[in-house]
1. In the same structural domain as Gly375 (by TED's automatic domain parsing), within 25 Å of Leu103 (Cα to Cα) and either assigned to a helix (DSSP H, G or I) or within 16 Å of the chain's Cα centre (by Cα) (or both): does that describe Leu247?
2. Consider segment 308-334. How many of its residues are outside any loop (DSSP other than H, G, I, E, B), among the β-branched types (Val, Ile, Thr) and under 19 Å from the mean Cα position of the chain (by Cα)?
3. Which condition from (1) under 29 Å from Met207 (Cα atoms); (2) out of contact with any Phe, Trp or Tyr (no Cβ under 9 Å at 6 or more places or on another chain); (3) touching a residue at least 24 places away in the same chain (Cβ under 8 Å) is the one that Val321 breaks?
4. For segment 164-187, enumerate the residues that are in contact with a strand residue (DSSP E or B) (Cβ under 8 Å, 6 or more places away or on another chain) and in a helix (DSSP H, G or I).
5. Taking segment 110-159, which residues are of a type in the set (Ser, Thr, Tyr) and in contact (Cβ under 8 Å) with a residue 24 or more places away in the chain?
6. Do we have Glu157 as over 22 Å from the mean Cα position of the chain (by Cα) and among the acidic types (Asp, Glu) here?
7. Output the number of the condition that Leu162 fails; it satisfies all remaining conditions of (1) at negative phi; (2) in contact (Cβ under 8 Å) with a residue 24 or more places away in the chain; (3) among the aliphatic types (A, V, I, L, M).
8. Within the set of pairs 6+ apart or on separate chains, which have a first residue in segment 358-378 that is in contact (Cβ under 8 Å) with a residue 12 or more places away in the chain and in a loop (DSSP other than H, G, I, E, B), a second that is of a type in the set (D, E, K, R) and crowded, with 19+ Cβ neighbours inside 10 Å, and C-beta atoms under 8 Å apart?
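The values are calculated or read from the model by the stated rules, or taken from the named source; none is laboratory data. Predicted model, so just to flag it, every value in this text is computed and none were measured. FYI the Cβ positions are ideal-geometry reconstructions off the backbone, even for glycines, and counts take in every protein chain you see.
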Amino acid sequence: MIDIRLVRDDPEAVKAALGRRGVDPAEVDRLVDADRRARQAVGRRDELRAQVKELSRQVGEARRAGDAARADAAAEESRQVGEQERAVAAEAEAAQAEVRDRLLWLPNLPADDAPDGAGEHDNPVVRRWPEKPRSYEPHQRLPHWDVGAALGILDLERGAKLSGSMFPLFRGTGSRLLRALTAFALDRHADAFEEIRPPTLVRTDTMVSTGHLPKFADEGYHLERDDLWAIPTAEVPLTSMYRNEILDEDALPLRMTAATACFRREAGAAGRDTRGLLRVHEFDKVELFAYATADQAPQVHAQMVERVEQLLRQLDLEYRVVDLCTGDLGASSARTFDLEVYAPGCDMWLEVSSVSWFRDYQARRANIRYRPAAGGTPQFTHTLNGSALAWARIWAALVEAGRRPDGSLHLPEVLAPYLGSLEVPAPPS
């Protein structure tokens, strides 16, 4: 969440920053008013508590002096003031809860160098690989859902039979390809990132820490009986691993990677790019995550983007890097670069990774701090994360780009140690 001190000290600057994201400045005004009421109520509550304490002292003093009348009068006054204190304390608690709720709903302040814009069409492409666009043959222009069905490696009908639409079922080499991609990515990250296998189900507080709750409750899968949520990304449990803890600065940056299934309802996506693997409710993904100081974060962010690019180049997929404008940033992010691969069969650029820097927005929600090496007050960490990579759309692009004229499939050489054979024979004619 945003630092409330920024709102108190310079609400106009906060309005201007959030205005770049399209946030109504009245939202900040309402937060300022709630914070003012909360601080006034807390101040009045503390004054009344001090009065009760002083009156209690007077009661004891009077009774020790044998002055029953004075003791009774002070006790009655203490009772009345105590009732006022309880009422004001309830008012303070309600106002503080309103402040926290308003902070939880407000998005992060965008980075100064994030490009301005209203939505995805305003996102600038900062680079692409290869620099010269590739040309594709007619046999590569068949969408992956048709290629996968013909080769017997993707069975969307049986996936829907088991779980409903947008739950894919992979078979044979299609399934092994997912496993190979996961092992390939984890091995590439092992030099600098500790591998973690977090739980798939997490508590509500864990979802709140990243900003997925309360704003995106409709996007999540909630197990009401146990009040647990299926994770939409490994970012969620990794962010909360050190919730309510203080790290040592010498341990930062602290880097982790995790391979998990991810679950998203994709609410509001009905009828929009829902063919095949373009939008699915369950998918496998390898995540990169880091805790860092404010000074370390820019370099860590750039290194994460470079790692994603290295994977894409090794998989020989045409890609581009997109700088998300303020109108397209995720709610928790201050700066994000999306990486998109070109799928020739769909004739679409598919987002396969978002690499985001959240500043201290998530750490404030999760209360994650570090102890400066030079001493002083613990500071909130910065958090960063990125997909490296999300496999459903990578699978789609590989299957489309790797199709041969006879209908067979050739997969990237870099996967040979994990797959064995890189060939999927053409279907019987």
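1. Against the criterion (in the same structural domain as Gly375 (by TED's automatic domain parsing), within 25 Å of Leu103 (Cα to Cα) and either assigned to a helix (DSSP H, G or I) or within 16 Å of the chain's Cα centre (by Cα) (or both)), Leu247 does not qualify.
2. Here the count works out to 2.
3. Unmet for Val321, out of (1) under 29 Å from Met207 (Cα atoms); (2) out of contact with any Phe, Trp or Tyr (no Cβ under 9 Å at 6 or more places or on another chain); (3) touching a residue at least 24 places away in the same chain (Cβ under 8 Å): (2).
4. Once the filter is applied, which keeps residues that are in contact with a strand residue (DSSP E or B) (Cβ under 8 Å, 6 or more places away or on another chain) and in a helix (DSSP H, G or I), segment 164-187 yields Thr173, Gly174, Leu177, Leu178, Leu181, Thr182, Ala185, Leu186.
5. Selection gives Tyr136 alone.
6. yes
7. Of the numbered conditions (1) at negative phi; (2) in contact (Cβ under 8 Å) with a residue 24 or more places away in the chain; (3) among the aliphatic types (A, V, I, L, M), the odd one out for Leu162 is (2).
8. Pro378/Arg369
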